[in-house]
Amino acid sequence: MEIRESILPGIGMKYQMDTASGDRIVIVIHDDGRRELYHFSQEDYDQSRLMATFEDQEARQFAALVGGMVYKPKQLESVEMAFDDLTIEWYRIEPHFGCIGKTIGELHIRQNSGASVIALIDKNKGKQVNPGPDAMLRADATVVAVGEREQQKRFKQILMNGSG
């Protein structure tokens, strides 16, 4: 999805995105911290409708809800939340990944990628928050890692290849 941004002199910033369904969403962030959310129907891009106006704290709470920080739908394979340069990613371990049957320690994940595993969700073992080096990676489990974008790329390669 492409996000277009524009400076609005004396007002703030405007962000525009077209959704997969064809709708257009525009967010205006005012210099005073207010946010306005506009919706343009795919039938008529010339007509906008102000959906909501948020104060700064309300916008942050809304973003957390929409961004999946409170609830992650089970169908999503990967959700990314940005914290400056850090991201949190969910990786589903596919049956063909080389990491299957290996432990976090064996793969030297932190040393080889820079990313840290913060959770491991396995239907057989349940949820493990901050799993240790002895935690084994199994097919169909979900690994949650935190790191910068390049670290996340290296981490995914380690999962896929089974080595650093």
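Specify the residue that is most open to solvent (accessible area, probe 1.4 Å); the eligible residues are those in segment 138-161 that are closer than 14 Å to Arg92 by Cβ and more than 20 Å from the chain's Cα centre (by Cα).
Among those that are closer than 14 Å to Arg92 by Cβ and more than 20 Å from the chain's Cα centre (by Cα), it is Arg138.
Report yes if Asp44 is out of contact with any Ser or Thr (no Cβ under 6 Å at 6 or more places or on another chain) and at pLDDT below 80, otherwise no.
Spelling it out, Asp44 is indeed out of contact with any Ser or Thr (no Cβ under 6 Å at 6 or more places or on another chain) and at pLDDT below 80.
If you scan segment 70-110, which residues turn out to be outside any loop (DSSP other than H, G, I, E, B), small (Gly, Ala, Ser) and modelled with pLDDT of 80 or more?
Gly105
Going by the conditions given, is Gly67 at pLDDT below 85 and either within 24 Å of Asp140 (Cβ to Cβ) or open to solvent by less than 50 Å² (accessible area, probe 1.4 Å) (or both)?
So Gly67 fits the description; yes.
May I ask you to list the residues in segment 113-137 that are surrounded by fewer than 16 Cβ atoms within 10 Å (Cβ to Cβ), over 22 Å from the mean Cα position of the chain (by Cα) and modelled with pLDDT of 90 or more?
Matches in segment 113-137: Gly132, Pro133, Asp134.
Applying the selection to segment 1-30, what residues are over 19 Å from Ala63 (Cβ atoms), modelled with pLDDT under 85 and among the polar types (S, T, N, Q)?
Hit for segment 1-30 is Ser21, nothing else.
The values are calculated or read from the model by the stated rules, or taken from the named source; none is laboratory data. Since we're looking at a predicted model, the values are computed, not measured. No Cβ is skipped: glycine too gets one built from the backbone with ideal geometry, and neighbour counts run over all protein chains shown. The accessibility values were calculated without ligands, DNA or RNA, using every heavy atom of the protein model including side chains. Shrake-Rupley method; radii C 1.70, N 1.55, O 1.52, S 1.80 Å.
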